[in-house]
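S.K.: What follows is a single structure, and I will ask about it in a moment.
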Amino acid sequence: MFSPACSKVFRGCLLQQARLTPSQPAQRLRLSNFDPLCHSQVRFAGHNKWSKIKRLKGANDAQRAKQMSKITRQIISAVKAGNNETDPSHNPYLAAALQLAKTHQMPKATLDTALKKASGFGTGSEEDLTPSVYEGMGPGGVACVVEALTDNKNRTFAEVRHAFTKRECSITPVMYMFRKCGRVIFSAGNSGHSLSEMEDSAIDANVEDIATIDEEDGTMEVYCAVKDLWAVTKALGARGYEIKEFETAYVAEEKVSVAPEEMEAFGGLLEHLEGLDDVIRVHHNAA
């Protein structure tokens, strides 16, 4: 098991430890640190810790790669929706997609590739993506609206349905519980305005509702009519505010509380849906 040299050292340690008296606990502890078996355990513990770190990093990298892929699909779809206009000042769909790319810190090279694919100048084949919306009732009676961009509606529907049925839930109409509107999140930016002044500016910009005010990070979330989303966004930007996000969204008319025993199942459903390649956003009415 051990080499002759190692065995000799090990026997010496045992003999030395046998000569120690009960009044020498510190020496006994120090000798145990020289046990070859203890050394092996320390090395393996460090190895296992690094393995966990690598697995976690790999999972985070994979998640970010998937997020970049989804944003790329949104950019391609946005250019098509805007009649192949690649100037974001004349294509609000593309402007929203580019703002999303900025929020998620998409690398410039990845962004350039996405724009080239959207314009038809890339080396890869152009994707034929179609927007799709799916409705379902999740665990605890939580209504969900799932937005997707897909090149195969049958495949995407099957994947979304499986996410619900796996948790004994179903695809069913729930859209009557939501309203479609424009959603903008902005901060003071270069304006130097207070939250109260930002609120006044939002009202002047013709927003319908001020949803949340986050005093900690100085942001405000507002809703407007879908047809006014681009105008509201430009009006707020013109006042020096920094636009964090803007998009069309499905906003719940009323929120429902999720029972503690349903939280894990509901969280699993969201994770499953958001992990699907074709799914872009998941809206729900959970409080």
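S.K.: What pairs can you find where one residue is in region 66-95 and outside any helix (DSSP H, G or I), the other is hydroxyl-bearing (Ser, Thr, Tyr), and their Cβ atoms are less than 9 Å apart, with a gap of 6+ or different chains?
M.R.: GLY82/TYR93; ASN84/SER119; GLU85/TYR93; THR86/SER119
S.K.: Now for a different question. Could you check LYS117 against (1) at pLDDT 85 or above; (2) surrounded by 19 or more Cβ atoms within 10 Å (Cβ to Cβ); (3) touching a Ser or Thr at 6+ places or on another chain (Cβ under 8 Å) and say which number it fails?
M.R.: Single failed check for LYS117: (1).
S.K.: Specify the residue that is most open to solvent (accessible area, probe 1.4 Å); the eligible residues are those in region 123-151 that are modelled with pLDDT under 95 and in a loop (DSSP other than H, G, I, E, B).
M.R.: So, considering only residues that are modelled with pLDDT under 95 and in a loop (DSSP other than H, G, I, E, B), the one most open to solvent (accessible area, probe 1.4 Å) is THR123.
S.K.: Looking at (1) touching a helix residue (DSSP H, G or I) at 6+ places or on another chain (Cβ under 9 Å); (2) assigned to a strand (DSSP E or B), which one does GLU221 not meet, given that it meets all the others?
M.R.: (1)
S.K.: Within region 259-270, can one find any residue that is under 20 Å from ARG73 (Cα atoms) and either of a type outside the set (Asp, Glu) or more than 21 Å from the chain's Cα centre (by Cα) (or both)?
M.R.: no
S.K.: Restricting attention to region 152-170, which residues are of a type in the set (Asp, Glu) and in a helix (DSSP H, G or I)?
M.R.: Selection gives GLU159 alone.
S.K.: Testing ALA249 on (1) among the small types (Gly, Ala, Ser); (2) crowded, with 18+ Cβ neighbours inside 10 Å; (3) in a helix (DSSP H, G or I), one condition comes back false. Which one is that?
M.R.: For ALA249, the exception is condition (3).
The values are calculated or read from the model by the stated rules, or taken from the named source; none is laboratory data. Predicted model, so just to flag it, every value in this text is computed and none were measured. Glycine gets a Cβ as well: all are built from the backbone with ideal geometry, and neighbour counts include every protein chain shown. To get the accessible areas, we keep the full protein, side chains included, count just its heavy atoms, and leave off ligands, DNA and RNA. Shrake-Rupley method; radii C 1.70, N 1.55, O 1.52, S 1.80 Å.
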